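The values are calculated or read from the model by the stated rules, or taken from the named source; none is laboratory data. Here the structure is a predicted model, which is why all the values come from computation and not from measurement. Methodologically, a virtual Cβ is constructed for each residue, glycine included, from the backbone with ideal geometry; neighbour enumeration extends over all protein chains shown. What goes into the accessible areas is simple: the full protein's heavy atoms, side chains included, and nothing from ligands, DNA or RNA. Shrake-Rupley method; radii C 1.70, N 1.55, O 1.52, S 1.80 Å.
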Amino acid sequence: MKITFYGHASLAIEVGGKHILVDPFITGNPKAATIDINTLQADYILLTHAHGDHILDAETIAKRTNATIVSNAEIASYYAQRELKAHPMNHGGSWKFDFGKVKYVNAIHSSSFPDGSYGGNPGGFVIEGEHKNIYIAGDTALTYDMKLIPLRTELDLVILPIGNNFTMDVEDAIIASDFVECDKILGYHFDTFGYIEIDHEDAIRKFFDKGKDLMLLEIGESIEL
């Protein structure tokens, strides 16, 4: 499983021979100016919620690639009405795709489209690949619901927001990694705006002091599990 960071909460995942994009917000992020969305491959686009800083490029990419958008029922319906392929899910439900199993899990946040229309309830994704399992928390506060995840899935990586203000901060993300029983963390949703700027060295040290490995990737940088 290969994971590439495209800034903010945007990710690319290569697993099982398929290309997955998560929350593509690239053209609206000046920090990601080097990324050309017209070159990105996508068989699936996973959307955690409907905010503009998570869906901005989803429709454009889906039209070009014929990717299937996977999200809550309301978001999936929104794109299906625009004649895009969509797979609706809801909290607690899972589905076996051709790259692995995906479960849509709880997140504590808000969710509305940029035009103000209802975007359902926000969520995160647990992805079980053939060899590796990951949890993408989406935009969320710390929640006891995270304790349920390791009851069903042993994680190899947890992807957590750490920017504070709109989501968890570093200290809560450390607790979240305890809840999901995973000490390998990829941080995201930080530095894009003034509200969510963080001290990288301080964040890495705080995780290290708890015996955990926090990775903060540069935009366009990848890791392999």
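Just one of (1) under 23 Å from residue 148 (Cβ atoms); (2) under 18 Å from the mean Cα position of the chain (by Cα) trips up residue 55, so point out which. Condition (1) is where residue 55 drops out.
Annotation note: of 193, 113, 125, 207, the sole residue that is aromatic (Phe, Trp, Tyr), over 16 Å from the mean Cα position of the chain (by Cα) and under 16 Å from residue 10 (Cα atoms) is 193.
Within segment 16-37, the set of residues being open to solvent by 70 Å² or more (accessible area, probe 1.4 Å) and either small (Gly, Ala, Ser) or assigned to a helix (DSSP H, G or I) (or both) comprises 17, 30, 31, 33. Pairs are defined by a Cβ separation below 7 Å, a sequence spacing of at least 6 or placement on different chains, a first member in segment 121-137 that is in contact (Cβ under 8 Å) with a residue 40 or more places away in the chain and in a loop (DSSP other than H, G, I, E, B), and a second member that is acidic (Asp, Glu) and open to solvent by 10 Å² or more (accessible area, probe 1.4 Å); the pairs so defined are 132/156.
For segment 142-225, list the helices (runs of 4 or more DSSP H) that sit wholly inside it and hold at least 1 residues that are touching a helix residue (DSSP H, G or I) at 6+ places or on another chain (Cβ under 8 Å), surrounded by fewer than 21 Cβ atoms within 10 Å (Cβ to Cβ) and among the basic types (Lys, Arg); which are they? Before the answer, list the steps.
Numbers: elements: 149-152, 170-179, 200-209.
Counting at least 1 such residues, we get 200-209.
Filtered by the rule that a residue be within 25 Å of residue 131 (Cβ to Cβ) and under 16 Å from the mean Cα position of the chain (by Cα), segment 152-172 gives 155, 156, 157, 158, 159, 160. In segment 98-120, the residues that are over 23 Å from residue 172 (Cα atoms) reach residues that are in a loop (DSSP other than H, G, I, E, B) and at pLDDT below 95 with C-beta atoms within less than 6 angstrom, at least six apart or across chains, in these pairs: 99/16; 100/16. Close Cβ contacts (under 8 Å, 6 or more residues apart or on different chains) running from residues in segment 184-213 that are among the basic types (Lys, Arg) to residues that are part of a loop (DSSP other than H, G, I, E, B) comprise 184/156; 184/212; 212/183.
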